[in-house]
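Some notes on the structure that comes next.
The values are calculated or read from the model by the stated rules, or taken from the named source; none is laboratory data. Remember, it's a predicted structure, so these values are computed and weren't measured experimentally. Neighbour counts are summed over all protein chains in view; Cβ atoms, including those assigned to glycine, are modelled from backbone coordinates with ideal geometry. We work out accessible area using only protein heavy atoms, side chains counted, and drop any ligands, DNA or RNA first. Shrake-Rupley method; radii C 1.70, N 1.55, O 1.52, S 1.80 Å.
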Amino acid sequence: MEDKKNGKAIVITSGKGGVGKTTTSANIGTGLAMNGNSVVILDADIGLRNLDVVLGLENRIVYDIVDVVEKNCRLKQALIKDKRFEKLYLLPAAQTRDKTAIKPEQMIELINELKKDFDYIIIDCPAGIEQGFQYSIAGADEAIIVTTPEISAVRDADRVIGILEAKEVHSPKLIINRIRPDMVKKGDMMNIDDIVDILAINLLGVVPDDEAIVISTNKGEPVVLDDKALAGQAYKNITNRIMGEEVELLNLEVEDEGKLSRIIKLIFGK
Amino acid sequence: MKRDLVTFKGVSEGVYLDVVGNDLEAIKDELNTKFNNASSFFKGAKFLGVRSDELSDDQIMEIKLTLKYKYEMNISNEGIPEYIEEYYTENVNENENENDTKTKPFDGIQEGVTKFIHGTLRSGQEVDYNGNIVIIGDVNPGAFIKAKGNIIVLGSLRGVAHAGIGGNYDSIVAAYNLLPMQLRIGDIIARSPDDEIEYKSPEIARIIEGEVFIEPYLPNK
């Protein structure tokens with residue numbers, strides 16, 4: 001690709017499974033590419049790969065990440081170009097192997113290689129804090145923690161933030177996924193402030209629980225492409241915040257999220 | 001480890017000498033060491049002959065004479081039994097065949113070795129076989145079948161199927177429900193269309209003029 005870049009590697013992690021890491025990875029990656037960035041989304045969940053399905057690219061896989069680290073193919077042979085965006089690529093996980101197939105050092109080498117050609121490297125981390133998590137965070141410059149408004153997910157997120165700090169991946173940012181404003185209003189669900197209070201990290205965005213996510217996942221089209229979906233709008237805002245540099249802008253945007261929540265309340269509240 | 005130049009081998013008829021290479025001096029040296037180490041071992045044994053791929057008849061005769069007069073071996077006129085010679089020639093052929101299967105395409109697609117698999121192949125499972133594969137069950141997305149010959153699925157094929165590995169472009173892939181994620185024959189790769197199309201009839205995939213063609217094999221159904 002053109003000239004040498006100095007990309008940023010961001011790992012999307014959560015500790016707990018099923019909170020929306022893969023959906024978030026797909027939408028942030030697509031969102032960044034929509035804004036003209038060159039992006040590679042890396043599926044680190046070897047043996048349980050899903051990102052290719054969510055992006056609708058499953059039928060294009062010939063080589064995968066394990067083939068790359070074992071040098072069965074060149075890196076560029078394994079990168080799958082997205083069908084919608086020129087500058088978006090997927091590096092798929094292997095399905096017939098397991099998480100012992102990659103070592104942290106190999107991941108660091110791979111990510112350094114990718115940084116030369118891409119603005120952003122989004123790493124979709126597997127659930128858990130074992131090998132898969134360890135190699136996923138090895139090459140990351142930044143981390144985004146995804147959680148849902150449930151005590152168990154928040155607990156796991158807290159644990160992961162602690163490990164990231166110990167591994168010197170500093171200032172992780174938080175995405176609260178699948179929030180239901182109507183339930184929060186009734187006091188049946190943890191609210192945003194409670195969660196931010198416990199985790200004490202910067203909030204990057206809030207994504208409402210949205211049927212459109214289920215539809216988009218099954219169709220293999222990230223929801224960020226759907227202008228009408230609230231969740232899509234939320235991911236667009238998150239993407240903009242990732243690209244923005246100033247802290248104030250981030251705070252402002254979080255304030256915007258409040259307005260968004262009010263809109264959601266208007267719709268769901270009836 | 002260096003292989004011995006000379007090895008005495010025992011069979012029911014007696015012993016024979018297996019010789020590697022044709023450096024007569026080195027062979028004689030090694031014989032000498034062997035006899036010095038175990039001089040009494042060969043006493044009274046019936047010596048059948050010398051087996052070698054590289055020595056000339058004259059050289060074999062010289063070794064025999066050395067054995068007879070220097071080491072006082074009991075040389076028999078029977079010679080090496082035929083089955084031993086056959087064993088060596090067969091072994092050489094087998095090695096050649098092994099190389100063949102690595103480089104040449106599998107030619108057993110009309111009649112050849114076949115692996116039968118009973119049950120469903122699930123995501124992450126892989127079957128690899130140097131012949132034809134028949135799956136009596138389904139192949140789910142994320143499963144991978146690799147065959148040097150044909151692939152037949154008596155169920156739904158939704159995973160990745162690679163037939164004709166090694167370059168047999170006449171290999172076929174057939175299934176009751178042919179909906180593979182990806183279909184490869186030889187080094188030709190076809191992928192499923194992005195918009196879903198579901199055919200209900202059994203289909204067969206083959207290469208026609210360098211492209212994968214899929215058609216029903218029971219045209220009237």
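Summary of values
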| item | result |
| --- | --- |
| Residues that are under 28 Å from B:Tyr83 (Cβ atoms) and open to solvent by 60 Å² or more (accessible area, probe 1.4 Å), drawn from the range B:14-38 | B:Asn22 |
| Subset of the range B:168-186 (residues that are within 12 Å of chain A (Cβ to nearest Cβ) and out of contact with any His (no Cβ under 7 Å at 6 or more places or on another chain)) | B:Leu179, B:Pro180, B:Met181, B:Gln182, B:Leu183 |
| Selection from the range A:129-153 of residues that are touching a residue at least 60 places away in the same chain (Cβ under 8 Å), assigned to a helix (DSSP H, G or I) and among the aliphatic types (A, V, I, L, M) | A:Ile137, A:Ala153 |
| Residue count, the range B:143-156 (criterion: surrounded by 20 or more Cβ atoms within 10 Å (Cβ to Cβ) and within 13 Å of chain A (Cβ to nearest Cβ)) | 3 |
| Selection within the range B:199-213 - more than 16 Å from B:Val139 (Cβ to Cβ) and more than 14 Å from chain A (Cβ to nearest Cβ) | B:Tyr199, B:Lys200, B:Ser201, B:Arg206, B:Ile207, B:Ile208, B:Glu209, B:Gly210, B:Glu211, B:Phe213 |
| Strands (runs of 3 or more DSSP E) wholly inside the range B:94-142 that include at least 3 residues being closer than 23 Å to B:Leu178 by Cα, at pLDDT below 90 and within 14 Å of chain A (Cβ to nearest Cβ) | none |
| Filter result for the condition that a residue is within 32 Å of the chain's Cα centre (by Cα), within 13 Å of another protein chain (Cβ to nearest Cβ) and either over 20 Å from B:Asp138 (Cα atoms) or among the aromatic types (Phe, Trp, Tyr) (or both), over B:Ile189, B:Ile165 | B:Ile189 |
| Checklist (1) open to solvent by 30 Å² or more (accessible area, probe 1.4 Å); (2) within 30 Å of A:Leu48 (Cβ to Cβ) applied to B:Tyr169, failing item | (2) |
| Conditions (1) open to solvent by 30 Å² or more (accessible area, probe 1.4 Å); (2) within 11 Å of another protein chain (Cβ to nearest Cβ): number failed by B:Pro216 | (2) |
| Matching residues in the range B:60-90 - criterion: being free of Cβ contacts under 8 Å to residues at least 60 places away in the same chain, open to solvent by less than 50 Å² (accessible area, probe 1.4 Å) and in contact with a strand residue (DSSP E or B) (Cβ under 8 Å, 6 or more places away or on another chain) | B:Ile60, B:Ile63, B:Leu67, B:Met73, B:Ile75, B:Gly79, B:Tyr88 |
| Subset of the range B:201-212 that is of a type outside the set (Asp, Glu) and under 14 Å from B:Ala175 (Cα atoms) - its residue that is least open to solvent (accessible area, probe 1.4 Å) | B:Ala205 |
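The rows are residues; the columns are (1) more than 22 Å from A:Lys4 (Cβ to Cβ); (2) more than 14 Å from the chain's Cα centre (by Cα); (3) buried (at least 22 other Cβ atoms within 10 Å of the Cβ); (4) among the aromatic types (Phe, Trp, Tyr).
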| position | (1), (2), (3), (4) |
| --- | --- |
| A:Ala101 | yes, yes, no, no |
| A:Ile108 | no, yes, no, no |
| A:Lys115 | no, yes, no, no |
| A:Ile122 | no, no, yes, no |
| A:Tyr135 | yes, yes, yes, yes |
| A:Ala140 | no, no, yes, no |
